[in-house]
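**Student:** Next up is a structure, given as C-alpha cells.
The values are calculated or read from the model by the stated rules, or taken from the named source; none is laboratory data. Keep in mind the model is a prediction, meaning the values are calculated, not measured. Every residue, glycine among them, receives a Cβ derived from its backbone with ideal geometry; neighbour counts consider all protein chains shown. Please note that ligands, DNA and RNA were not included when accessible areas were found on the heavy atoms of the full protein model with its side chains. Shrake-Rupley method; radii C 1.70, N 1.55, O 1.52, S 1.80 Å.
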Amino acid sequence: FKGGDTCEYLLSSGRFLGEKVWQPHSCMMHKYKNSEAKNCLIDKHVVFIGDSRIRQLFYSFIKLINPQVKEEGNKHGNIPFEDKSASIKVDFLWYPEVNGSMRQRIKSWTEGSVAKPHIIVAGAATWSIKIHNGSNEALTQYKINITSIAPLLEKLAKSSDVYWVLQDPVVEDMLSESRKMITNEKIDAYNEAAVRILNSSSRNSKAKVKVFSVSKLIAQETIMKSADGLHLPESSRDTNAMILMNVYCNKIMKPIDGSCCQPQPPLTLIQKLAFCFFTLSIIGYLIINLIHRNNFRKNKSCTDLESGEEKKPAISTPNVSTLEMLLYSFCKLGLIMTYFYLCDRANLFMKENKFYTHSSFFIPIVYILVLGVFYTENTKETKVLNREQTDEWKGWMQLVILIYHLSGASTFLPVYMHIRVLVAAYLFQTGYGHFSYFWIKGDFGVYRVCHVLFRLNFLVVVLCIVMDRPYQFYYFVPLVTVWFMIIYATLAIWPQIVQKKANGNCLWHFGLLLKLISLLTCIYFLSYSQGAFEKIFSFWPLSKCFELNGNVYEWWFRWKLDRYVVFHGMLFAFIYLALQKRQIISEGKGDPLFSNRVSNVLLFISIISFLTYSIWASSCKNKTECNELHPSVSVVQILAFILIRNIPGYVRSVYSSFFAWFGKISLELFICQYHIWLAADTKGILVLIPGYPMFNVLVSTFIFVCVAHEISQITNDLAQIVVPKDNSTLLKRLLCIAGFFSGLLLFSAMQDQSRH
C-alpha cells in the first residue's frame, strides 16, 4: 500500500494485459457504454484544445457518446459536437502551438461573463518542434508560453477538471521528411518542461491541473502500429479516451468494476451498528476470558508450607458457557468481517481487472485434478451418492467455479456453458438431498427447517449488513433457500407422503407423483409468466430480499436459468430410492450397480451423452440461445456423470479426500470469494502483493480458504445456540430473530430515505 489517490495512478501508470486490455496500477477501470457516458456527461460542456493528437483523442471520446460519429471534420480547424438528447457539448479547438492565441482562448474562460467548460483537455508541442525545426529557441519560447498559461489553467482547475496531455513518443524511422526533426529526445524535453512548470504555484492546493502522462506508457507499447510514426493507432487512443471517462465519471456513476477515482463509501447506519456490536462482542469475550483466567489462577495447585506437599484445586476448570461460546464466535466473526471490509470497501488494498487466457483457466484445472487424484481414499459406504461422494462432487465443482471466476473465463462461451452445468449440479444435489431426507425420515419439524435456513443464510445476512449489499446480490443463497422451501412445502402439505407410509400401500407412490407433476406445472407456468413471478416477489417484505437495482428481473433470470434441475434431483431421488428398496440395484463393495451387461450398456450411453453435451456446449455461438436450452438439457450431463461415477463398483468405492474437504465448506467458499479473493464484488481481483501475480494468488488463496473454513465452524457453533432442539426455546429464539429482522427492515428503510 503506497497511499495516494487512485486517480493519480490511473493518469500516470499501468500496464497491458495481453495486447488491448489496459490495467491501471492499483485500481480497476470500468468500460463505459454509450448510455452510461451520456448519463455521466448530461448537461456538460467538454473542450479539447490542441493539435492533431488531441483531435484524435477528441474523436475517440465522442465515439463513447455516439459510436456512429465519423472523422470528417476540418483537420486544421475547430470541430463541434453536440448530443441534444443529453444536452452534451464537446468541442475541439485547433490550437497546435502553445502560444498567445491559446493563452487568449484559455483566458476568456477565466473571465466571469463566459461559461466555463466542465472538462478541459489540452496539449501541444510537436508543431512547435516541426515549425521551428527543433531549435532550442523554440523550446525556450515554449517554456515562456506555458509559464504564462499555467496560472490560468490552475485558476480554471478550481471549478473545472483540467488535463494536460503529455506528448507521446514517435517512431523516428517512420516519420516523413517534413517531420524528421521531431525526435523522442525533443519530445522528452518539452514534456519535462510542461511537468515542471504546471502546478508550480499550487503544489499544496487541491485544485491542480491533472497531468495526463499515461498516454506515454500506452504509446511506448503501441506506437509501432502507427500508420505514420506520429499518431497513435485507434485502439490506443480509445484506451486514452476510456481513461479520461473513468477519471471524470467514476466518482459520479460509481460503477462496481471501476475502483479508480472512487472515494471510499461512507459507513451506513446499519454498518455502524454492526461495528458497535462486534466491538462489544470482542470486549465482552475478553472480560469473560480474563475472569476465567483469574479464577483458574486462584484455584491453581499451590504448595503447603508446613508439609511441603502440593494441594489440589478444589474446583476444576469450568466448561465453556453458552454466553462465552457466543461471544467467542462473534469475536472471531468481527475480526473476519473487518478483513472483508478492508479488502473490498476501504481503499486499502489494490484491485485489478480480470484478463482471460486459456492457460490461466486450464493449467490450474489440471493442477487441482492431479492433487485430487493423489488424495484418493476408500469410502466408508458404497451407496450411490453417499456423503463422501457428494462432498467430493461439491468440492471439485467449487474449485473449478473459483478458477472460472478468478480467470474471467465467462468471456469464453464453451467454458461458461460447462460452468452453468456445475451450478445446475449444485441445485440437483439440493433437490436430491432434501427430498431423500424428508422421504426417508419424514421429519417435517420446525427445527429441521430452521437449522437448514440458518446454515444457508447466516453468512449472507452478516455480509449484507457489513458490506451494504442486498440479499439478492449473493444470488445462489436465495436460490437454494427458495428451492429448499419449495421442496419442503411440496412434501409437507397434506397429504404428507413418506417412504414408510408408501411401503404399506403402493397407491401413495402415485400420490407423490401427482405432487411432483403439480410442482412441475407451477414451475413451467412461472417460467413463462414473468409478470406473475414478479408480482409474487414484489410484495413487501419479499421485495427487500429479491430486488436488485430496484426490480426483481435479475432474480427471475437466475431462477429461470435452472428452473427444472431441482425437480430432476427430486425425481432421481424418488426413482433411486424405489430401486434400492426393491433391491434392483447392487451397492456392494466392488460390485457393478446392475448386471454386467446392463452396466456396460448404461456406461456406454452415459459416456456418449456426456461427450455429446460437451460438444454441443463447445459449439455454442450465442449465449442467449444456449441459456434457453440449458434448463432442459443440463440434466443429461448431470445424470451421465452420476452413472459414470457410480456404475463401476471400484469407482464407487473410492473418493478424493482433497475434494471432499473443500466440499464441506463449498457454500462458504462460494460466498467469501465475492470480497476477499476477488474484488469489487467479483468484478476484479484482490491484490495483496502487487507486482507478483502468482505469489499474490497463493497468499490471497491461503487466507481466503482459511477464512471460509473458520466461518463454517463459526456457523456450526452458532447454529447449536441459535437453533436449539427444544421447541419452546426455539420459539423464543424465532421471536428474537423476527424482532432482529424487523429492526433491520426499519433501519434499511431509514437508510433508503436518507439516500434519496
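**Student:** Taking only Cα atoms, what is the 0 to 90° angle, nearest 10, from helix 666-676's long axis to the longest principal axis of the chain?
**Tutor:** 20 degrees
**Student:** Can you tell me, using C-alpha contacts under 8 Å and at least 6 residues apart, the relative contact order of the chain as a whole percent?
**Tutor:** Values: 1014 pairs, mean separation 112.0, N = 756.
Reported relative contact order: 15 percent.
**Student:** How about K75: which lysines have a C-alpha closer than 20 Å to its C-alpha, ignoring those fewer than 8 places off in the same chain?
**Tutor:** Straight-distance partners of K75: K63, K89, K130.
**Student:** Quick one: accessible surface of S360, probe radius 1.4 Å, all protein chains present, in square angstrom to the nearest 10.
**Tutor:** The value for S360 is about 40 Å².
**Student:** Loop only per DSSP, at most 12 neighbouring Cβ atoms within 10 Å: give me the chymotrypsin sites (Phe, Trp or Tyr not before Pro) in region 1-76, ordered by residue number. Spell out each step's value before the answer.
**Tutor:** Numbers: sites: F1, Y9, F16, W22, Y32, F48, F58, Y59, F61; in loops: F1, Y32.
Sparse-neighbourhood loop chymotrypsin sites (Phe, Trp or Tyr not before Pro): F1.
**Student:** What angle do you read, to the nearest 10 degrees and between 0 and 90, between the alpha-carbon axis of helix 136-156 and the longest principal axis of the chain?
**Tutor:** 60 degrees
**Student:** Which loop trypsin sites (Lys or Arg not before Pro) in region 597-700, with loop taken from DSSP, have no more than 11 other Cβ atoms within 10 angstrom of their Cβ?
**Tutor:** Numbers: sites: R597, K621, K623, R645, R652, K664, K683; in loops: K621, K683.
Sites meeting the loop and neighbour criteria: K621.
**Student:** Okay, moving on. Once phi is turned into θ = phi - 60°, what whole-Hz ³J(HN,Hα) does the Karplus curve with 6.51, -1.76 and 1.60 give for every residue of region 167-184, x standing for Gly and Pro?
**Tutor:** Once rounded to whole Hz, the list reads 6, 7, x, 10, 9, 4, 5, 8, 5, 6, 4, 6, 10, 4, 6, 7, 10, 5.
**Student:** Still on this model: Tell me which trypsin sites (Lys or Arg not before Pro) from region 357-413 have a DSSP coil assignment and no more than 16 other beta carbons within 10 Å of their own.
**Tutor:** On the way: sites: K380, K383, R387, K394; in loops: K380, K383.
Listed in order of number, the matching sites are K380, K383.
**Student:** Give me the accessible area per residue for the chain, probe 1.4 Å, as a whole number in Å². Working shown, then result.
**Tutor:** Details: 37220 Å² over 756 residues.
Per residue, the chain has an accessible area of 49 Å².
**Student:** Tally Lys and Arg at +1 and Asp and Glu at -1 over the other residues with C-beta under 11 Å from the C-beta of L593: what net charge comes out? Intermediate results must be reported in sequence, preceding the final value.
**Tutor:** Numbers: positive: K383, R645, R652; negative: E587, D591.
After counting each charged neighbour, the total is +1.
**Student:** Could you give log10 I(q)/I(0) at q = 0.06 Å⁻¹ for the chain, computed by the Debye formula over C-alpha point scatterers of equal weight, without solvent?
**Tutor:** -0.52
**Student:** Could you work out [θ]222 nm for the chain from helices alone, using -39500 (n - 2.57) per DSSP H run of at least four and dividing by all its residues? Round to the nearest 500 deg cm²/dmol.
**Tutor:** On the way: 29 runs with 463 residues, N = 756.
Value at 222 nm, helices only, nearest 500: -20500 deg cm²/dmol.
**Student:** Output ³J(HN,Hα) for region 217-223: one whole-Hz value per residue in order, computed from phi by the Karplus curve 6.51 cos²θ - 1.76 cosθ + 1.60 with θ = phi - 60°, and x for Gly and Pro.
**Tutor:** For region 217-223, the Karplus curve yields 5, 5, 5, 4, 8, 10, 4 Hz.
**Student:** Sticking with this structure for a sec: Rounding to the nearest 10 and keeping the result within 0 to 90°, find how far the Cα-based axis of helix 100-110 lies from the longest principal axis of the chain.
**Tutor:** For helix 100-110, the angle is close to 50 degrees.
**Student:** How big is the accessible area of H709 in square angstrom, nearest 10, if you roll a 1.4 angstrom probe over the protein chains?
**Tutor:** That residue has around 60 Å² of solvent-accessible surface.
**Student:** Ok, one more. What is the packing order of peptides 336-343, 348-355, 694-701, taking the mean over residues of other C-beta atoms within 10 Å and listing the highest first? If you can, show how the numbers build up before the last one.
**Tutor:** On the way: 336-343: 18.0, 348-355: 20.5, 694-701: 14.5.
Highest to lowest by the protection proxy: 348-355, 336-343, 694-701.
**Student:** Continuing with this model, one more query. Rank W508, W439 by accessible area, highest first, at a 1.4 Å probe radius?
**Tutor:** On the way: W508 85, W439 10 Å².
I get W508, W439, largest accessible area first.
**Student:** While we're looking at this one, here's another question. What does the highest-first list of 610-618, 631-639 look like by mean Cβ count within 10 Å?
**Tutor:** Details: 610-618: 15.8, 631-639: 19.3.
Ranked from most to least packed, the peptides come out as 631-639, 610-618.
**Student:** If you don't mind, another one. How much of the accessible area of region 585-720, probe 1.4 Å, is carbon plus sulfur, in whole percent?
**Tutor:** On the way: 4170 of 6130 Å².
The computed percentage sits at 68.
**Student:** Which pairs, out of K84/K544; K70/K158; K31/K210; K158/K544, put more than 31 Å between their alpha-carbon atoms?
**Tutor:** Values: K84/K544 37 Å; K70/K158 34 Å; K31/K210 21 Å; K158/K544 42 Å.
With Cα atoms farther than 31 Å apart: K84/K544; K70/K158; K158/K544.
**Student:** With all protein chains present and a 1.4 Å probe, how do R237, R469 order by accessible area, largest first?
**Tutor:** On the way: R237 25, R469 65 Å².
These residues rank, largest area first, as R469, R237.
**Student:** Here's something else I'd like to know. Calculate the length of the line joining the C-alpha centroid of region 430-451 to that of region 91-144, in whole Å.
**Tutor:** 75 Å
**Student:** Any chance you could check the Cα centroid distance between region 693-756 and region 505-521 for me, in angstrom?
**Tutor:** Comparing the Cα centres of region 693-756 and region 505-521, I get a distance of 37 Å.
**Student:** How large, in percent, is the carbon and sulfur part of the accessible surface of region 6-253 at a probe radius of 1.4 Å? Spell out each step's value before the answer.
**Tutor:** Working: 5330 of 11070 Å².
After summing per-atom areas, the C and S share lands at 48 percent.
**Student:** Separate question: Taking a 1.4 Å probe, which of I270, I440, I644 shows the most accessible area, and what order do the others take after it?
**Tutor:** Details: I270 25, I440 90, I644 55 Å².
Ranked from most to least accessible, the order is I440, I644, I270.
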